[in-house]
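The values are calculated or read from the model by the stated rules, or taken from the named source; none is laboratory data. Here the structure is a predicted model, which means the values were calculated and not measured. When we count neighbours, we look across all protein chains shown, and the Cβ atoms used for this are built from the backbone with ideal geometry, even at glycine. Only protein heavy atoms, including side chains, enter the accessible area calculation; ligands, DNA and RNA are left aside. Shrake-Rupley method; radii C 1.70, N 1.55, O 1.52, S 1.80 Å.
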Amino acid sequence: MSNGSLGTNSKNSKFIMGGLIIALIIGILAPFIASGDPDGLESAAEKIINGNALESNLKEIGLEEEGTVAPSPFADYAIPGMDKIGEIAAMLIGILLMMVLGYGVAAILKKKEQIAN
Amino acid sequence: MHIPDGFIPTWESAIFWIISIIFVALAIKWAKNNMDEKSVPLFAVLGAGIFAIQAINVPIGMGTSGHMVGAAMASMIFDSPYAGILLLALVLLIQGLFFADGGILVMGANIFNMGVICAFVGYYAFKSLRNRGISIAAFVGGWLALFTSAIVCSLELTIAGTFPLVAGLSAMGLYHAIIGLIEGAITAIVLGYIASARPDMLKWAGGKNE
């Protein structure tokens, strides 16, 4: 291991904690400030999609409308029957899930420390 | 720009799964050779931040909204497009499995558009413009990444028979030229901040200051 001084380490953890706090604040604000308008792709689809092509694709995978073939527990970033609190909770769950998955994957993949001695 | 299941046929979804799995495998190889102790928490917190910011849809007029993608930003910070690809693959996995944001069958196409395309275009645009100033390079890289990704997405939908070619390119191009401004602005702010406050976090900024 390197000679990372305590100063550098605490500076790094402050930077990481700062980033996580910003992510959590964005997550809490999202249900209140995010626009409900369709996004660029959905909006384009509403205007120009070929209904026949869509219908045959949907039939192929057994869906009634476009979406996902697997049910999601927090579809549309909400928890059924929980209103705004559920939306905030869904965002916080997502942020923490991402943090854990990102950390886990990076920790498993990171290059092995050179064992010199 | 998350494609839902139903917009492209299964054969096309399969092709994009194969392409994306290859790029994710290359990204895993990159991570094994380049990620160190210090990268791990940065990668995790960047993922959390990108997941959060993707939920902020900003109205752009015409009854339409858009949000940042973030692969370009991650690639610029980690100095490799593979960082952005790996991170977006994880973000899209969580969004698809838990939040019904983007389909499961089409996830390969979404990883290709928002991961591979955004990361490569954003990273190399940034790299080639970096000596003109970090904020400008980050802005152009972010904008170009999002715009190109939307054009590619539109072409995929044309191949699928779902979008007419010209109308698809015009609508997707117009909306994402505007949404790209959001991507560019946030990318420039974050890169500008890290470059001035913590240049040691950026491999390429280690030596010279601009």
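One table, with the values for the structure above:
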| quantity | calculated |
| --- | --- |
| FRET efficiency estimate (nearest 0.05) - Cβ-Cβ, B:ASN131 to A:VAL69, R0 35 angstrom | 0.15 |
| Accessible surface, 1.4 Å probe, highest first, among residues B:ILE194, B:ILE178 | B:ILE178, B:ILE194 |
| P(r), alpha carbons of the stretch A:5-117 - 10 Å bins starting at zero, rounded % | 11, 24, 28, 22, 11, 5, 1 |
| Solvent-accessible surface (1.4 angstrom probe) belonging to B:VAL45, in square angstrom, nearest 10 | 10 Å² |
| For the stretch B:76-100 versus the stretch B:146-178, the gap between their alpha-carbon centres in whole angstrom | 22 Å |
| Distribution of pairwise C-alpha distances over the stretch B:1-135, 10 Å bins, in % | 13, 40, 35, 11, 1 |
| Debye intensity ratio I(q)/I(0), log10, the protein assembly as shown, q values 0.06, 0.12, 0.15 Å⁻¹ (C-alpha model) | -0.20, -0.80, -1.25 |
| Complex-versus-alone comparison for the stretch A:80-107, residues with a loss of 20 Å² or more in accessible area, probe 1.4 Å | A:MET91, A:GLY94, A:ILE95, A:LEU97, A:MET98, A:MET99, A:LEU101, A:GLY102, A:TYR103, A:VAL105, A:ALA106 |
| Accessible surface of the stretch B:11-50, 1.4 Å probe, proportion on carbon and sulfur as whole % | 75 percent |
| Carbon and sulfur %, accessible surface of the stretch B:69-210 computed with the full protein complex present, 1.4 Å | 71 percent |
| Accessible area expressed per residue, the stretch A:51-117, with surrounding protein chains retained (probe 1.4 Å, Å²) | 65 Å² |
| Residue-averaged 222 nm ellipticity for the protein assembly as shown, from DSSP H runs of 4+ at -39500 (n - 2.57), nearest 500 | -22500 deg cm²/dmol |
| Chain lengthening between B:ILE22 and B:LEU174 when straightened (0.36 nm per residue, less Cα-Cα) | 51.6 nm |
| Candidates B:ALA185, B:ALA119, B:ALA167, ranked by Gaussian network fluctuation over chain B, Cα under 10 Å, top entry | B:ALA167 |
| Peptide B:148-156 - average C-beta neighbours from other chains (10 Å radius) | 1 |
| B:THR64, B:THR158, ranked by accessible area, largest first (probe 1.4 Å) | B:THR158, B:THR64 |
| Per residue accessible area of chain B, 1.4 Å probe, in Å² | 33 Å² |
| When each of A:LYS11/A:LYS112; A:LYS112/B:LYS127; A:LYS110/B:LYS203; A:LYS111/B:LYS38; A:LYS110/B:LYS127; A:LYS11/B:LYS127 is checked by Cα-Cα distance, pairs over 22 Å | A:LYS11/A:LYS112; A:LYS112/B:LYS127; A:LYS110/B:LYS127; A:LYS11/B:LYS127 |
| Occluded residues from the stretch B:73-113, i.e. those whose accessible area drops by 30 Å² or more once the chain is not alone (1.4 Å probe) | B:LEU90, B:ILE94, B:PHE98, B:PHE99, B:ALA100, B:ILE104, B:LEU105 |
| Protein-only accessible surface order, largest first, of B:ILE136, B:ILE53, B:ILE3 at 1.4 Å | B:ILE136, B:ILE53, B:ILE3 |
| Calculated FRET value between A:LYS84 and B:LEU202, using beta carbons and R₀ = 41 Å, to 0.05 | 0.60 |
| Carbon/sulfur fraction of accessible area - chain A, other protein chains in place, 1.4 Å, % | 62 percent |
| Chains B and A, summed buried accessible surface - 1.4 Å probe, Å², nearest 100 | 5500 Å² |
| Reach of A:LYS59 by Cα under 17 Å, taken over aspartates and glutamates that are not fewer than 8 positions away in the same chain | B:ASP5, B:GLU12 |
